[in-house]
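The values are calculated or read from the model by the stated rules, or taken from the named source; none is laboratory data. Since the structure is predicted, the reported quantities are computational estimates derived from the model, not experimental observations. FYI the Cβ positions are ideal-geometry reconstructions off the backbone, even for glycines, and counts take in every protein chain you see. Surface accessibility is based on the protein's heavy atoms, side chains included, excluding ligands, DNA and RNA. Shrake-Rupley method; radii C 1.70, N 1.55, O 1.52, S 1.80 Å.
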Amino acid sequence: MSSTTASRGARRSGTAAISGTGVLLRFMVRRDRVRLPAWVLGLTALMGYFVTALEQIYATPEDIRAVAPLLQGPMGALFGGPGYGMEDPRLEHLLAGLYGTYVLVGAGLMSLLTVVRHTRAEEHSGRAELVRAGVVGRHAQLTAALLLTAAMNVAVALLVGLLMTGQGFPGPGSWLFAAAVGAVGLTFAGVAATTVQLSEYPRAAAGAAGAVLGGSFALRALGDMTSEHGNVLSWLSPIGWGQQTAPYVLDRWWPLAISVVAAVLTAALGYALSVRRDVGAGLVPPRLGSARAASWLRSPLALAWRLQRTQVVGWSLALAVAGGAYGAFTGPALEAFEGAPEELLVVLGGTEDIGAGFLAVLALTFGLTVAVYAVLAAQTVRTEETSGRSEPVLAASVSRPAWLGSHLGVVAGAALWLLVVAGLATGVGAAVSVGEPRMLGEMLLATVAYAPAVWVVLALAALLYGGVPRWLPLVWAVVVLALVVGFFGPMLDMPDVAGWLSPFEHVGDHPLEPVSAAGVATLTAVAAAVAVAGVAAYRRRDVLGTG
Amino acid sequence: MTAPVRDLDAPVVEVRDLRKSYGDVVALDGLDLEIGRGEVHGFLGPNGAGKSTTIRILLGLLRHDGGTARVLGGDPWTDAVALHRRLAYVPGDVELWPNLTGGEAMDLLARLRGGTDAARRDELCERFDLDPRKKGRTYSKGNRQKVALVAALASDVELLLLDEPTAGLDPLMEAVFQECIREARAAGRTVLLSSHVLAQVEALADRISIIRDGRIVESGSLQELRHLTRTTVTVLTGRPTDGLAALPGIHDVRTEGGQVTFEVDGAHVAGLMRELAGLEVQAITAHPPTLEQLLLRHYGDGLPAAAEASVR
């Protein structure tokens with residue numbers, strides 16, 4: 001009797017914990033009526049773009065065979081995948097094995113951002129409190145968010161599958177690749193379900209899940225570069241699981257089981273952690289701080305540094321680790337290039353110095369990474385204003401140019417510092433692994449030379465922000481352009497003007513080429529002029545109100 | 001850039017025909033405002049009337065479209081940095097840096113203004129019962145407001161711009177706040193106090209401006225405003241009061257349990273008293289209009305709109 005009552009009670013509380021899920025799910029769909037199709041169609045369109053572009057570039061099988069050595073080598077492994085089918089590649093191998101990696105990453109990003117948006121971000125804003133005060137179970141919000149994310153991933157998988165089979169690629173491989181996209185997305189939904197429990201901040205939750213995504217990419221890159229078709233490192237990476245299905249080659253489905261199990265386990269961990277904390281709180285309890293400000297905290301510049309310090313430290317650590325890891329891989333990479341065919345070596349700058357070509361690619365990678373930091377930092381400056389925190393500072397005796405200039409100065413300085421860190425770490429790794437001390441200096445110079453290019457990106461962000469703050473995200477277009485031109489420019493047939501528009505194409509490709517002093521000087525001058533224009537525009541407009 | 005001059009007789013805030021629009025929405029529609037030195041000026045109005053817009057223009061955070069605004073003898077837009085050394089501001093919705101403690105935020109804001117009085121700061125923290133060691137993200141709305149209040153009140157400035165500064169405070173803290181404003185006035189400071197809390201303005205303000213739809217509809221001392229308005233009178237008389245309703249300046253006569261209640265215009269009180277003298281008055285109460293009544297009279301026809309605004 002009593003056990004029946006207990007089990008009935010348990011059953012009731014079991015469903016009670018998720019009551020309201022349906023309503024919340026419909027509400028989330030309503031809120032995301034633009035965002036949801038944008039992500040789903042956007043990822044499909046990205047894949048569609050790859051298909052169309054590659055069909056044009058590689059019109060004949062000979063065209064593909066010509067680039068095969070490049071894709072088969074460490075370069076393909078670094079930026080693509082484990083290289084299944086690259087011995088005699090067809091178009092679908094390139095699509096699923098190389099370019100498709102970015103669709104996998106995109107699905108992961110979509111999932112983690114969606115989960116954070118509907119759980120921790122809601123709690124942080126206080127809106128979740130209103131919702132939870134209604135007839136809503138304690139697990140309803142997380143459940144609805146996970147259901148929504150799962151549905152988005154299923155939709156992406158369906159559309160990608162239809163796209164690939166519609167293009168006439170083999171059915172089994174196409175549907176397997178599409179399922180891999182969805183499975184990777186599911187895994188990162190689970191990861192985010194856990195990270196949102198840890199911190200009170202949506203940004204920290206997204207950052208932690210994003211770090212797992214970035215780590216997954218790096219892990220599989222290291223694994224794929226070290227051994228053919230990857231090694232244990234690749235198998236530790238959630239992105240690796242998706243890639244190890246080897247669509248169109250082995251067509252094996254079982255790695256996706258790992259993805260699904262990982263998704264279930266991380267989501268279960270999220271649920272378990274969520275009942276151990278209060279609504280709105282993180283698992284890490286807040287501590288008391290100093291009652292007085294440090295004596296150096298007395299200028300807008302000091303405030304800007306204080307607010308950005310944590311981020312700069314985090315990026316420094318991440319770049320030091322990534323730089324050291326990629327740098328240390330220079331030796332094995334050069335060995336792998338031994339005996340590579342002529343056309344590949346031409347792409348990397350000729351037979352004379354393959355090492356220099358490899359370092360140049362790494363330098364560009366870190367240059368672009370630091371540009372991403374600069375844009376994210378510029379967005380936090382905008383948040384200072386939209387959240388109303390810039391107002392009391394400007395109401396004190398601080399001019400607009402001093403406020404914005406301080407923030408820009410800190411970001412510009414931090415960007416330079418981060419490039420030094422990345423250059424040093426990569427340089428040390430490369431010099432040690434190859435046994436060539438000069439590589440340290442070369443790598444440092446090559447990386448730091450991109451500082452003016454990063455500053456141009458930052459200055460453009462400042463101009464957009466100063467003029468029309470909501471246009472700030474448009475600056476991502478410059479970063480994406482630079483990335484596409486820098487990495488895919490030689491392979492895709494891009495117009496010259498695209499290269500000219502990317503600030504990263506004007507500093508020379510050191511150590512392949514000498515650093516262009518004229519380019520550095522011009523970019524610095526352009527950055528300064530654009531930043532001044534941005535500050536001037538900011539000085540003339542209204543300070544945004546909250547809400 | 002002209003240096004702001006310190007003229008002790010000139011108004012501290014002088015606003016003429018101020019206009020500001022956000023796109024098609026007119027926020028300020030020819031607003032006039034004058035605040036003399038050493039005065040506590042109450043700034044009353046419903047949500048969306050333009051109080052915050054006015055204050056943010058006075059701070060140089062917003063640029064006005066038309067009219068003139070002078071603060072402490074300077075132009076709030078071009079002389080912002082110099083003027084802000086001489087004023088302090090408390091926003092209605094205080095946001096703090098999540099990873100800075102309240103104490104750090106207070107010190108920083110005081111230093112950015114040019115000076116800090118640590119003893120005064122500590123005393124105010126004590127009086128407002130505020131722990132300055134907590135991180136910004138852990139404060140409640142009321143405590144965030146206290147941080148901004150302590151930072152403003154601890155600074156040695158001529159002008160305090162307070163935009164609904166006590167919306168999140170409990171009555172005990174409200175009393176502390178009123179005490180602090182009286183001290184500020186005693187120290188010769190000028191205060192612009194925008195508020196919904198009518199009792200607070202009644203208790204503190206020397207002069208009051210009522211804003212509605214972006215313009216000032218009434219301005220003056222509380223006494224002057226009352227003079228313009230009606231006194232509520234309740235009488236119990238031995239003789240019939242039928243003649244009262246016919247007197248000039250008498251409104252809204254109603255009878256309840258033998259007592260007659262009505263309102264009388266300030267200008268017609270004398271005539272009323274002559275009439276009442278012959279009616280064998282047994283009991284009489286008369287009270288001046290409360291600010292609620294003042295506001296109701298000005299916003300009575302706009303109540304649905306105000307209610308709508310507060311729902312949003």
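Tabulated data
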| item | result |
| --- | --- |
| With eigenvalues of the C-alpha gyration tensor scaled by 5 and rooted, segment B:101-208, Å | 22, 17, 11 |
| Spin-label pair B:Tyr22/B:Glu280, simplified geometry with 7 Å Cα→Cβ offset, distance in nm | 6.3 |
| Area of A:Val410 that stays accessible when all protein chains are in place (1.4 Å probe, Å², to 10) | 20 |
| Counting all C-alpha pairs of segment B:230-288, share separated by more than 17 Å (%) | 25 |
| Cβ charges +1 (Lys, Arg) and -1 (Asp, Glu), total dipole of segment A:369-495, debye | 240 |
| Other protein chain Cβ atoms within 10 Å, averaged over every residue that makes up B:94-105 | 6 |
| Compactness relative to 2.2 N^0.38 Å, alpha carbon Rg of segment A:296-547 | 1.09 |
| P(r) weight above 13 Å for segment A:218-284, C-alpha pairs, percent | 69 |
| Diffusion coefficient, µm² s⁻¹, Stokes-Einstein with Kirkwood Rh over alpha-carbon pairs of segment A:16-283 at 10 °C and 1.306 mPa s | 84 |
| In nm, spacing of pseudo-spin labels at B:Leu247 and A:Ala211 (7 Å Cα→C-beta vector) | 8.0 |
| Accessible surface ranking that places the most exposed of B:Asp29, B:Asp93 first, with a 1.4 angstrom probe | B:Asp93, B:Asp29 |
| Cα gyration tensor shape of segment B:1-150, rounded if a/c is under 1.5, else prolate or oblate by comparing a/b with b/c | prolate |
| Chain B, helix-only ellipticity at 222 nm - DSSP H runs n ≥ 4, -39,500 (n - 2.57), divided by all residues, nearest 500 | -9500 deg cm²/dmol |
| At q = 0.07, 0.08, 0.09, 0.10 Å⁻¹, base-10 log of I(q)/I(0) for chain B (Debye sum, equal scatterers on each alpha carbon) | -0.35, -0.45, -0.55, -0.65 |
| Amide H contacts under 5 Å for B:Glu218, placed H, 5+ residues apart | B:Ile210 |
| Candidate residues B:Lys134, B:Lys20: accessible-area rank, largest first, probe 1.4 Å | B:Lys134, B:Lys20 |
| GNM flexibility winner over chain B from B:Val147, B:Val25, B:Val90 (Cα, springs under 10 Å) | B:Val25 |
| Burial of 30 Å² or greater, segment A:271-312 residues [accessible area, probe 1.4 Å, versus chain by itself] | A:Pro286, A:Leu288, A:Gly289, A:Ser290, A:Ala291, A:Arg292, A:Ala293, A:Leu297, A:Arg298, A:Leu303, A:Arg306, A:Leu307 |
| Between A and B, accessible area buried - total, square angstrom, nearest 100, 1.4 angstrom probe | 3500 |
| Protein accessible area in segment B:13-225, 1.4 Å probe - carbon and sulfur % | 46 |
| Averaged over B:64-76, number of beta-carbon atoms from partner chains that fall within 10 Å | 0 |
| Probe 1.4 Å, accessible area per residue of chain A, Å² | 41 |
| Length-normalised contact order for segment B:230-288 - Cα pairs under 8 Å, 6+ apart - percent | 52 |
| Longest exposed-site-free window of chain A, the sites being GluC sites (Glu not before Pro) in a DSSP loop that have at most 16 other C-beta atoms within 10 Å | A:353-547 |
| Probe 1.4 Å, all protein chains present, accessible-area order of B:Asp129, B:Asp17, largest first | B:Asp129, B:Asp17 |
| Cβ neighbours within 10 Å from other chains - mean over B:126-134 | 2 |
| Average projected area [Cα convex hull, segment B:89-136], square nanometres | 3.5 |
| A:Val321-A:Leu265 FRET efficiency (beta carbon distance; Förster radius 30 Å; 0.05 resolution) | 0.70 |
| Rounded to the nearest 10 Å², the accessible area of B:Thr166 at probe 1.4 Å | 10 |
| Average Cα contact separation per residue, chain A, under 8 Å, 6 or more apart, as relative contact order % | 13 |
| Taking the C-alpha atoms of the protein assembly as shown, convex hull volume expressed per residue in Å³ | 221 |
| Inverse of mean 1/r across different Cα pairs in segment B:186-267, Kirkwood, Å | 15.7 |
| Within-9-Å neighbourhood charge of B:Lys51 [Cβ basis; K, R +1; D, E -1] | -2 |
| Potential lengthening between A:Asp278 and A:Ala66 on full extension [0.36 nm per residue; Cα-Cα distance subtracted] | 70.4 nm |
| Cα→Cβ-extended label distance, 7 Å offset, between B:Gln259 and B:Arg120, nm | 4.8 |
| Reachable lysines from B:Lys20, criterion Cα separation under 22 angstrom, eight or more residues apart if same chain | B:Lys51 |
| In Å², nearest 10: area of A:Leu41 left accessible to a 1.4 Å probe | 100 |
| Kyte-Doolittle mean at least -0.5, axial Cα span of 30 Å or more - DSSP H helices of chain A | A:35-57, A:140-166, A:171-198, A:202-226, A:300-328, A:354-386, A:400-434, A:517-540 |
| Euclidean distance between Cα centres, segment A:221-292 to segment B:139-164, Å | 46 |
| Rounded percent of accessible protein surface that carbon and sulfur make up, chain A, 1.4 Å probe | 68 |
| Helix-only [θ]222 nm of chain A, DSSP H runs n ≥ 4, -39500 (n - 2.57) each, per residue, nearest 500 | -23500 deg cm²/dmol |
| Segment A:143-175 versus segment A:97-114: alpha-carbon centroid distance in Å | 12 |
| Sequence-separation-based contact order of chain B, relative, with Cα cut under 8 Å and 6+ spacing, percent | 19 |
